[in-house]
Every structure is written in C-alpha cells, then in structure tokens.
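Every number here is computed from the coordinates shown, using simple stated rules; none is lab data. Bear in mind that the values here come from a model prediction, so they are computed numbers and not experimental data. For neighbour counting, all protein chains shown are included, and Cβ atoms are generated from backbone atoms with ideal geometry for every residue, glycine included.
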Amino acid sequence: MLGRVAAVLAAAAILILAPGIAQASFTGMDSGSTSVGTMSLPAPTGANVTATCVARSLVLIVNNYGTVPRATFYDFTVTNPGGGNMKTTAGTFTKANATQGTWTYQIHGLYQASPGNVWTGQPFQGTVVC
C-alpha cells in the first residue's frame, strides 16, 4: 500500500514540477500556395417565356432556357404579387384563380462548383399582370 502512495506522489510531483513535458516546439518552416478565382454567370441569352393571364388563369411556359456559358443547369422561379417564390423544374407554371397583380418570373443559369456549392447567375426576368 505504501508503494502505491509513493508511486502516486512521485507521478504527481513529476507533473507539477515538469510542465515542459507536455509542451512542443516547431522549428521547421514550409509554405504553400492557394489559387482562388471568381466566375460571373450572366443572364441567359435567348431565353423565351410565354406568359398569359386570362380570367385570372395564369400560365407560364418556358420555351427556351437560353444559354449561359459554364452553366450546368437552370432554374425557373415564379414570384406572386405578395412576394412568395415558387420554383419549378418542369418549365411550366399554371395557377387557376391567380392572385390579382403583377407576377414576376426568372430564369437563372446555375453552376455546381462542388456538391452543395451552387453558384447562381444573373436572371432573365419578365412580368405578367393578372
């Protein structure tokens, strides 16, 4: 028993009196380089949307998403007069009994830099009044 106590006291003394044991120092140097850049995605060129609202029946059809250099895919967003956004991947949007006012639609070119990292381009935009 006395041997255990002595061992514990000796270990405690070493930890208290020699704090440099847990310290480290670095003397070597190294350098590296990082390359970064930016990319701008313009609004789609040649995009075309048919937009009609007759008797409050709204119909939006993307005839052509247009072209955006380096875009890997496109989105089509419709905004109601109250400011709510609805995205559609089908390229069509219909709404019976649509809210009266100005509806806005946008097409964006998108670039997926890596999974979960998508860059959004400038919009091709139009409006229709119901």
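If each residue of separation counts as 0.36 nm, what is the full-extension length gain between V54 and V36 once their alpha-carbon separation is subtracted? Please list the in-between numbers first.
Details: separation 18, 0.36 × 18 = 6.48 nm, distance 5.00 nm.
Stretched fully, the V54-V36 segment lengthens by 1.5 nm.
Whole-Hz ³J(HN,Hα) for each residue in the stretch 111-119, computed from phi via Karplus 6.51 cos²θ - 1.76 cosθ + 1.60 with θ = phi - 60°, x for glycine and proline: what do you get?
10, 8, 6, 6, x, x, 10, 10, 9
Please work out whether the stretch 64-130 counts as rounded, prolate or oblate from its C-alpha gyration tensor, where a ≥ b ≥ c are the square roots of the eigenvalues and a/c under 1.5 means rounded, while otherwise a/b larger than b/c means prolate and anything else oblate?
prolate
Could you list which residues have their amide H under 5 Å from that of A43, counting only those 5 or more apart in sequence or on another chain, with H placed in the peptide plane?
Result for A43 returns Q122.
Tell me the trypsin sites (Lys or Arg not before Pro) within the stretch 56-128 that lie in a loop according to DSSP and have at most 16 other beta-carbon atoms within 10 Å. Walk me through the intermediate numbers first.
Working: sites: R56, R70, K87, K95; in loops: R56, R70.
Sparse-neighbourhood loop trypsin sites (Lys or Arg not before Pro): R56, R70.
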